[in-house]
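Heads up, the thing below is written out as structure tokens.
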Amino acid sequence: MLRHLYRCALRLHPLQFRRRFGEEMLSIYDQSAGRLSSSRLLLDAIVSLARQWIFRPEFWVQTSPSSAPPPAADDIPSFCSLDPFRPHTSAMIHGTVLSLTLFCVTCFAIRYSWIRVLHVQIPGVSYDNYVSIHPAASPSDLRGKTGSTDGVDKTTAKSQSNLISEHLQVDVLPVVAQPAAKTSPSPNLNSQSIAPTVPLAAAVATLHLRLDSYVGTYVSHNPNTKIAVGIEGDHLSIRVLGRPKRALSPISETTFVVAGTNDHWVEFVPDINGKMRQLRLFQDGQSITALRQ
Amino acid sequence: MPNNFDHYLPLSPATLHILLSLAGKDLHGYGIMQEIARHSDGKYKVGPGTLYDNLQKLIDREWVQEPGNRKSDDDPRRRYYRLTAAGRGVLAAETARLAGVVREARSRLQMAKPRRA
């Protein structure tokens, strides 16, 4: 057993050392096992193993005679070429350890140094500076804008904060108010409590709103209330009975966000002629369904 | 000539004992270990790891070499080692250095002896 371990320790020695002295060391073990303690020889081999790998890198690879420069011929200069050069394994290991150490020290210094020369900030995705989009906004207003001076837009931004990145740039087509001929089906909204997740850029960019088709009074019986939808300038507005009028910002052809509220939006249901016959107002996790008068 | 080896001096105990054991005749590894134990009266012993680590250095410095001929009835795993002229020179240089140390030590010890009244 100890002899097997001794052989294993010898095999772990550098190749050059093992080839040169391995067999002879094993013969010494076989010869002196009765006199010296086998465990002492095994310990000696382990110490030798550590010594060879740590302190004797110059003997890991034997320089071959062919690597020596050839003798110079008469009148012909001889040059040493680096082509056959192969770095020592020890040099590679030392270089790797040194590089890793330097890298760790540098990272530590950057992180905990008193002198904050480098301020490395990884840009994160932020949704705070949402640019509100409504039909009146021009592309130049929207492109590169990080905030809005309109108070209504600011509040709308909060309600849509989970939809749009601050870096979103959208080209909005001009609003065309004309009789509705055909409407696309409404987007699939999974839940009343979840804000619509329609990609805004794609939806708004291809949107042609026909404002007249939305205008009217919508009546709900549960709860008993009236909802008036009208045109304010070039965008729609909504007014629930007993509440102030709010602007509507489109996110699709049938879905609008109520400006100035949190998580309030309106979804219109068109008839076969493209005119809206019903709306559903989603607010505070509840919905109100109202039919057009 | 010994001055050429000054930058190698002083030798480590293992190197000194190995060179000293090879000064008399060619020896294999195990023979070197036994010879070292003999001429140091068993006070200094080297294991195979230390022995061959030092032999590796000595061969690389060309202070020790492996003679080609060997005994026919010997263990084929054994390899013999011989002291070269350079090895003999460095051993002589170290011996001279040690002799100077011994001489200096003796003279100082002699001076320190208390005189009889």
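Per 0.36 nm of contour for each residue apart, how much would the distance between A:Val219 and A:Gln286 grow if the chain were fully extended, relative to their Cα-Cα spacing?
Computed gain between A:Val219 and A:Gln286 is 22.5 nm.
Which whole number gives the average, over all residues in B:52-59, of C-beta atoms from other chains lying within 10 Å of the residue C-beta?
The mean count of partner-chain Cβ atoms within 10 Å per residue comes to 4.
When A:Glu23, B:Glu104 are ordered from fewest to most other Cβ atoms inside 10 Å of their Cβ, what list results?
Lowest count first: B:Glu104, A:Glu23.
Run the dipole for chain B about the Cα centre, Lys and Arg Cβ at +1, Asp and Glu Cβ at -1, nothing else charged, and hand back the magnitude in debye, nearest 20.
740 debye
Calculated FRET efficiency, B:Lys45 and A:Val105, Cβ-Cβ r, R0 41 Å, to nearest 0.05?
Efficiency at R0 = 41 Å is approximately 0.40.
Per residue of B:97-107, how many C-beta atoms from partner chains lie within 10 Å of its own C-beta, taken as a mean?
Mean partner-chain Cβ count within 10 Å for B:97-107: 0.
Against the globular-protein guess of 2.2 N^0.38 Å, express the Cα radius of gyration of segment B:28-117 as a ratio, rounded to two decimals.
Normalised Rg, Cα atoms only: 1.55.
Inside 10 Å of the C-beta atoms of A:16-28, what's the mean count of C-beta atoms belonging to other chains?
Mean inter-chain Cβ contacts per residue within 10 Å come to 5.
Please tell me the relative contact order of segment B:1-102 in percent, rounded to the nearest whole number, where contacts are Cα pairs under 8 Å and at least six residues apart.
Worked out over segment B:1-102, it gives 39 percent.
Within the P(r) computed for segment A:220-281, what percentage of the Cα pairs occupies the region above 13 Å?
Result for the distance tail: 64 percent.
Read-outs: derived from the displayed coordinates by stated rules, not from any lab. Because the structure is a prediction, the values reported are computed rather than measured. So basically every Cβ, Gly included, is an ideal-geometry build from the backbone, and we count neighbours across all protein chains shown.
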